[in-house]
Every structure is written in structure tokens, then in C-alpha cells.
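Heads up, the thing below is written out as C-alpha cells.
The values are calculated or read from the model by the stated rules, or taken from the named source; none is laboratory data. Computed from a prediction, not measured in an experiment: that's the story for all the values here. Cβ: placed from backbone, ideal geometry, glycine included. Neighbour counts: every protein chain shown. Ligands, DNA and RNA are excluded from the accessible area calculation, which covers all protein heavy atoms including side chains. Shrake-Rupley method; radii C 1.70, N 1.55, O 1.52, S 1.80 Å.
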Amino acid sequence: MNDQAIEQAVQAKGLNAPRVSLTDLEANIADTEIVKHVSKSGQVLRWAVLTTRSGFSVAGKPSCSASSANDNQEIGEKIAIDNARQELWPLMGYALKERMASSDA
């Protein structure tokens, strides 16, 4: 299930307690940078570095084709961005939980 499908399922079930939504995640990304590396064997790796509004940056696992003949910039960048977004979700969840704990105190 992708992020959009999960968001739709949450909304359909009326789950409205504090949470990090897909909209929150997207709004928190201030900049996306793609870093490309070509290994000695010719394999192309791409990382996405996402910088948040606060200036904190995260990078996910790189995209990588087993064969350089299958490398496609558009697909590689999409995979790299999706991988980096997966790293950002738990950090935003932690920040939300901290804010919730502070408001309970």
C-alpha cells in the first residue's frame, strides 16, 4: 500500500486523532536534492536528501539498477525520494509525540 492509499484508508475510517498526515509530510519538505554516484563498475546510485522547514536533512537508501543499461533518471529519482520520505515519517511521528507529551504535562 502506498502513502496515498494509506492516507485515503485513514480518512475513510474517520481516524482523526493527532497524527502525521501525508499533507503534513509534504508540507514539511522545504527542499529535495538528488545526489548521483556512478560506481567503478558503472552502476548508478541516486540518493535523495530532503531538507525540512527546520533545516534538518534526511537521506534514504539509494536507488540502484542491477544493470546500468536499465538506469532511468526519472524512475531512480522517484525511488530515491520515496526512500528518503520513509526516513522522515518516524522522525515527524516522534516530534508529534513529543509535542503531545508536552501539552499533557
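Key figures
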quantity: 0 to 90° range, to nearest 10: angle between helix 3-12 axis and the chain longest Cα axis; calculated: 20
quantity: Lys, Arg +1 and Asp, Glu -1 on Cβ, resulting dipole of the chain about Cα centre, debye, nearest 20; calculated: 200
quantity: All aspartates and glutamates inside 17 Å of Lys36 as judged from Cα atoms, apart from same-chain residues fewer than 8 positions distant; calculated: Asp71, Glu74, Glu77, Asp82
quantity: Carbon plus sulfur fraction of accessible area for segment 39-98, probe 1.4 Å, in percent; calculated: 54
quantity: Estimated 222 nm signal from helices in the chain, with DSSP H stretches of n ≥ 4 weighted -39500 (n - 2.57), rounded to 500; calculated: -15500 deg cm²/dmol
quantity: Option label - Kirkwood radius over Cα pairs in Å computed here, alternatives [x] 15.4; [y] 13.8; [z] 16.3; calculated: [x]
quantity: Accessible area per residue, Å², the chain with all protein chains present, probe 1.4 Å; calculated: 68
quantity: Contour minus Cα-Cα distance for Ala59 and Ser39 (0.36 nm per residue); calculated: 5.3 nm
quantity: Relative contact order computed over the chain (Cα-Cα under 8 Å; 6+ residues apart), in percent; calculated: 23
quantity: Packing-based ranking, highest mean first, of 70-79, 8-17 given that Cβ atoms within 10 Å are counted; calculated: 70-79, 8-17
quantity: Extended-chain gain in nm, criterion 0.36 nm per residue less alpha-carbon gap, Gln86 and Glu74; calculated: 2.5 nm
